1. Express the relative contact order of the chain as a whole percentage, based on alpha carbon pairs under 8 Å and six or more residues apart in sequence.
2. Report the extension gain between T48 and Q158 in nm, rounded to one decimal, defined as 0.36 nm multiplied by the number of residues separating them, less their alpha carbon distance.
3. Given the rule -39500 (n - 2.57) for each run of at least 4 DSSP H residues, summed and divided by the residues of the chain, what is its mean residue ellipticity at 222 nm, to the nearest 500 deg cm²/dmol?
4. Check the straight Cα-Cα distances from K136 and name the aspartates and glutamates below 14 Å, setting aside those fewer than 8 residues away within the same chain.
5. Tell me, what % of the accessible area of the chain is carbon and sulfur with a 1.4 angstrom probe?
6. Looking at this model, which pairs from K25/K172; K31/K172; K110/K162 are more than 18 angstrom apart at the alpha-carbon?
7. Tabulate in residue order the Karplus-calculated ³J(HN,Hα) for the stretch 83-97, using 6.51 cos²θ - 1.76 cosθ + 1.60 with θ = phi - 60°, rounded to whole Hz; enter x for Gly and Pro.
8. Sorted by accessible area with a 1.4 angstrom probe, largest first, how do H151, H60 fall?
Amino acid sequence: AADNEAFGKNIEASRLSRSGDWVLKEQLYDKWIQMEFPVLWILGKPGTGKTYLASRILSHIRQNSGLASFFYIREGMNTQHTPEVILKVIAYQITRLHETYRERAVGVCKDGASLLIPESIWENLFVKPFSEEATKPVFVIIDGVDEATPHNQELVVQLAKKLSDLRSTTRKYPVIQLLLLGRPDLEYNVSNEWQGEKR
C-alpha cells in the first residue's frame, strides 16, 4: 500500500501543471463523472501519458470532494499486483477517507473467509457497502491493467463487466465508478466480455 501511495505521489509531483486538462472536457469523461455509466476505459500506446492522465483525473475528483482511490499496476510487479492485492489496497485507501466505510470494512476483515478470492473481495468490500442508501459514490482508478498477467487482466475485465451489468439492471447501485487505463491490446479482452453490446 505504501509503495502504491509513494508512486502516486511521485507521479503527481512530476506532472506538469495543466497536463491532461483536456480529458476533463471530454464528453465521455463528463458522463462518467456524472455517473451516467459506471466503467470508463482509456486505452493508449506505451509512453502516451496514461499514468499522468490517471493522476490528473484522481486530483480532479479529489479537488471536487469526491471519494477517489487508485492503484498503479507496474511492469515487473505483475505477479505481486494480483486483483486480491489491488482490491485490498484500494479498500484500505477508502478506509482512510471514509469513516463509515472503515467500520464496515473492519467487520468484513474479521471474517477472513470473505477475502480469499477476488470475486468475494469485490462483493464484500465494494459492491455491498456501496449499494446502501445515502452512500457517497467511490471513484476507483486502476492504471496499467495491461501490465497484469493475462489471467489477472481477464479477472479485472470481468469485474468491470459485472459492475456494468449490475448498474444496467439496478440503475442506481452500487455507486462505484471504475476507470481502467491500459494499452490498446486490452481491447481484445474488453471486446470479448462486452461482445455484441452497444455500451
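The values are calculated or read from the model by the stated rules, or taken from the named source; none is laboratory data. Just so it is clear, the structure is predicted and the values come from calculations on it, not from any experiment. FYI the Cβ positions are ideal-geometry reconstructions off the backbone, even for glycines, and counts take in every protein chain you see. Protein only, heavy atoms only, side chains kept; ligands, DNA and RNA dropped before computing areas. Shrake-Rupley method; radii C 1.70, N 1.55, O 1.52, S 1.80 Å.
1. Details: 260 pairs, mean separation 57.2, N = 199.
This gives 29 percent for the chain.
2. Using 0.36 nm per residue and subtracting the Cα-Cα distance, I get 37.0 nm.
3. Values: 8 runs with 95 residues, N = 199.
Computed mean residue ellipticity for the chain: -15000 deg cm²/dmol.
4. Result set, ordered by chain and number: E99.
5. Details: 5440 of 10350 Å².
That share works out to 53 percent.
6. On the way: K25/K172 24 Å; K31/K172 15 Å; K110/K162 26 Å.
Long pairs (Cα-Cα over 18 Å): K25/K172; K110/K162.
7. Here the 3J(HN,Hα) series is x, 4, 5, 4, 5, 5, 5, 5, 4, 4, 4, 5, 4, 7, 10 Hz.
8. Working: H151 115, H60 40 Å².
If we order H151, H60 from most to least accessible, we get H151, H60.
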